[in-house]
């Protein structure tokens, strides 16, 4: 089973992935972008200082996604492994569709992954106020995506839901402001359902 954890930065995906590692020690844990050798180089390019054209940036993300699907996801799916991914093509669609037609973005992402779609998706949702507080508390330097601002992030959050519906992926919405324990329980219940 392939499960994607999705949401804007600061919603607690990393915290929950670390908790899942304790509960599922034999599972595969991966991420987009950056889980392959090519992906690590592309992640550095995309998230670092750059002035890439929007199309160029889109195709860099798609290259990472294609490599990830073929080198990490597909082989482990064949082995019947449980796979948890910090982001997937759902993020690719959500973050890009403000710049491009969503149907076109869906088509490109489906092509990139060669039909390897998550079986389930966990979508973390947070209020604008909660997001701003979490980002402030992290105190990290913003990457190129975070620099687009809170309004962009709130719109992107809505597009996560639009993307899972378009792709017909079974999903659960998680209130990112809930307790870590409640969130963990909801995720495990959803996985085991």
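When you scan segment 44-66, do you find a residue that is under 23 Å from residue 172 (Cβ atoms) and either buried (at least 16 other Cβ atoms within 10 Å of the Cβ) or out of contact with any strand residue (DSSP E or B) (no Cβ under 9 Å at 6 or more places or on another chain) (or both), even just one? Checked against the condition, which is being under 23 Å from residue 172 (Cβ atoms) and either buried (at least 16 other Cβ atoms within 10 Å of the Cβ) or out of contact with any strand residue (DSSP E or B) (no Cβ under 9 Å at 6 or more places or on another chain) (or both), segment 44-66 yields at least one hit. Take the residues of segment 88-125 that are in a loop (DSSP other than H, G, I, E, B) and touching a strand residue (DSSP E or B) at 6+ places or on another chain (Cβ under 6 Å): which is surrounded by the fewest Cβ atoms within 10 Å (Cβ to Cβ)? Within segment 88-125, the match that is surrounded by the fewest Cβ atoms within 10 Å (Cβ to Cβ) is 119. Only residues that are in a helix (DSSP H, G or I), under 14 Å from residue 86 (Cβ atoms) and touching a helix residue (DSSP H, G or I) at 6+ places or on another chain (Cβ under 8 Å) were counted in segment 14-38, giving 4. Considering the conditions (1) under 26 Å from residue 177 (Cα atoms); (2) crowded, with 22+ Cβ neighbours inside 10 Å; (3) in contact with a strand residue (DSSP E or B) (Cβ under 7 Å, 6 or more places away or on another chain), residue 29 is excluded by exactly one of them, (2).
Restricting segment 77-87 to residues that are part of a loop (DSSP other than H, G, I, E, B) and either in contact (Cβ under 8 Å) with a residue 40 or more places away in the chain or crowded, with 20+ Cβ neighbours inside 10 Å (or both) leaves a set whose member that is farthest from the chain's Cα centre (by Cα) is 81.
Considering segment 39-68, the residues that are assigned to a loop (DSSP other than H, G, I, E, B) and touching a residue at least 60 places away in the same chain (Cβ under 8 Å) include one that is farthest from residue 112 (Cα to Cα), namely 49. Of everything in segment 153-162, what is under 22 Å from residue 134 (Cβ atoms) and either touching a helix residue (DSSP H, G or I) at 6+ places or on another chain (Cβ under 7 Å) or surrounded by fewer than 17 Cβ atoms within 10 Å (Cβ to Cβ) (or both)? Give them in sequence order. Residues satisfying the conditions are 153, 154, 155, 156, 158, 159, 160.
No lab work stands behind these numbers, since they all come straight from the coordinates. Treat the numbers as computed from the prediction; the structure is a model and nothing was measured. Glycine also receives a Cβ, built like all others from the backbone with ideal geometry; neighbour counts cover every protein chain displayed.
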